[in-house]
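One structure is given below, encoded as C-alpha cells.
The values are calculated or read from the model by the stated rules, or taken from the named source; none is laboratory data. Keep in mind that this is a model prediction, so the values were computed, not measured. Cβ atoms come from the backbone with ideal geometry, glycine included; neighbour counts cover every protein chain shown.
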Amino acid sequence: MSNPDNIASARAHSNIAFIKYWGNRDHKLRLPANSSLSMNLADLHTRTTVEWSHTLRADSLTINGAPAGDIPLARVRGHLEALRRRLNTDLHAHVESRNNFPVGTGIASSASAFAALTLAAVAAYGAKFEERELSALARLGSGSAARSIPAGFVEWRAGDNHESSYAETFAHSNHWDLIDVIAIVSRRHKRVGSSAGHRTADTSALQRARVESAAGRLRDVKTAIEARDFERFARIVEEDSNLMHAVMMTSKPPLFYWQPLSLAIMDSVRRMREQETLQVCYTLDAGPNVHCICLAADAPAVAARLRAISPEIDIMQSGVGGGARVIPLMGA
Ligand code: PMV
C-alpha cells in the first residue's frame, strides 16, 4: 500500500442516460448488450470514504450515517472483493457513504455510489489508475457507474471484455447548458431493481431489435449533442426511452415501471414542446420518475408546468456535472 494513511474520500455524480443500457452480454462482468450515453448530474452526488484496515475481519458499511442493511452490504462487499483482487490485497475496508439526495426519492444512487466507492478505495490504497480503468472497475459494481467516472456527457462503449468496456467523456460539462428537471412521482423502492431487470431483457422479443438499432441512435444523439440540435436530440432520447420500456413491458415476467402519473407527465412534456415550443423532452429509467431534459432557459417554465399537473409531484433539478474526484477527507 503506497498511501500511509490508508484512507481517502471521493465524490461522484449520478447520471441520466439518453441512450439506455439495458441487458448484459455477460452478467458477471456487466458487459452491456449495447453502448450507451449519459450526462452527469452536477447536483446529485455520493461522497464515500474508504479506510483499509489491518484489524478489520470483514468489510463494514454505513449509508447516510446508519449501518447498511444486508443487501447493500453484500453488494458492496462483492465489489470490494473485485477491488482487492485488482489491488492485490486481502485487507478489509470500512466504508462510509453519503448521498446528497434524499434516500427513497426513487432516484438511483448505484451509479454515483459505485463510482465514488471505486475511486475512494483505489485512492485510499495509494494506487493511481487511468480514468478508463477506474471506469471499467466501477462497472463491475453497477453498469451505469462506469459512466459516473468521466466528466460531462459520457459515452460507455460496450466493449467485449473487462478492459475494453469503459466510459469516456464525449463532450465537456459546459458544452451544452442542459438541465434535468426530475418529476418525482413515487418515492417507493422499486420492486424489481435494474440488476434483476438486466437478466430478463433477453426474454423480450423486442430486445434484439432495440440492441440492433442502438448504434444508430447513439450516432444520431452524438450528432445532435455536437450541433446542440434540441429537436433532433429530443426525438432520439424519447424514442430510446420508449424502446427500453417496451422491452421491459414485454419481458417475462413483464416489468411495468410507468405509473399513470408518469404517462400524464410524458404527454404534458410533448405538448410543452409542440404547442409551447419549450425545448424539453422526457426519459425514464427503471422507475416511474420522469427526467425532463431541457435547455436551462426553459427550466423554470418546465418546472412550473410540472407542478401544475399534480400536487403529488416533487421536483429536483440538476445541470451537467463533472467527473468523479478525490476530495478532502469527509468528517465522520
Ligand atoms: O447500472 P444499473 O444496473 O443500475 O442499470 C441502469 C439501467 C438504466 O438506468 C435503466 C439505464 C441506464 O443506462 O442508466
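Descriptive notes on the structure:
- Lone qualifier among 232, 217 - being in contact with a helix residue (DSSP H, G or I) (Cβ under 6 Å, 6 or more places away or on another chain), farther than 24 Å from residue 141 by Cβ and in contact (Cβ under 8 Å) with a residue 40 or more places away in the chain: 217
- The set of residues from region 257-287 being in a loop (DSSP other than H, G, I, E, B) and touching a Pro at 6+ places or on another chain (Cβ under 9 Å) comprises 257, 258, 259.
- Filter pass, residue 134 being over 14 Å from residue 35 (Cβ atoms) and either modelled with pLDDT under 95 or within 14 Å of the ligand (Cβ to nearest atom) (or both): no
- All told, residue 92 falls short of being closer than 30 Å to residue 226 by Cβ and away from the ligand (no atom under 11 Å from the Cβ).
- Selection status of residue 124, at pLDDT 95 or above, surrounded by fewer than 16 Cβ atoms within 10 Å (Cβ to Cβ) and more than 15 Å from the chain's Cα centre (by Cα): no
- Scanning region 226-257 for residues that are within 15 Å of the ligand (Cβ to nearest atom) and either over 20 Å from residue 202 (Cα atoms) or among the acidic types (Asp, Glu) (or both) turns up 236, 237, 238, 239, 240.
- Long-range neighbours under 6 Å by Cβ, at least six apart or interchain, first residue part of a strand (DSSP E or B) within region 6-34, second of a type in the set (Val, Ile, Thr) and within 13 Å of the ligand (Cβ to nearest atom): 18/221; 18/237; 19/221
- Some residue of region 167-181 being buried (at least 18 other Cβ atoms within 10 Å of the Cβ), under 14 Å from the mean Cα position of the chain (by Cα) and within 15 Å of the ligand (Cβ to nearest atom): yes
- Of 3, 64, all but one fail to be touching a helix residue (DSSP H, G or I) at 6+ places or on another chain (Cβ under 8 Å) and either within 16 Å of the ligand (Cβ to nearest atom) or within 26 Å of residue 330 (Cα to Cα) (or both); the exception is 3.
- Selection count, region 187-208, where residues are closer than 15 Å to residue 25 by Cβ and of a type in the set (A, V, I, L, M, F, W, C): 1
- Region 30-54, subset among the hydroxyl-bearing types (Ser, Thr, Tyr) and either at pLDDT below 95 or within 16 Å of the ligand (Cβ to nearest atom) (or both), residue surrounded by the most Cβ atoms within 10 Å (Cβ to Cβ): 46
- Region 185-214, residues that are aliphatic (A, V, I, L, M), buried (at least 20 other Cβ atoms within 10 Å of the Cβ) and outside any loop (DSSP other than H, G, I, E, B): 201, 211, 214
- Any hit, region 306-314, residues being at pLDDT 95 or above, under 30 Å from residue 172 (Cβ atoms) and in the same structural domain as residue 229 (by TED's automatic domain parsing): yes
- Taking region 35-53 as the range and being closer than 19 Å to residue 329 by Cα and of a type in the set (Ser, Thr, Tyr) as the test, the residues that pass are 46, 48, 49, 53.
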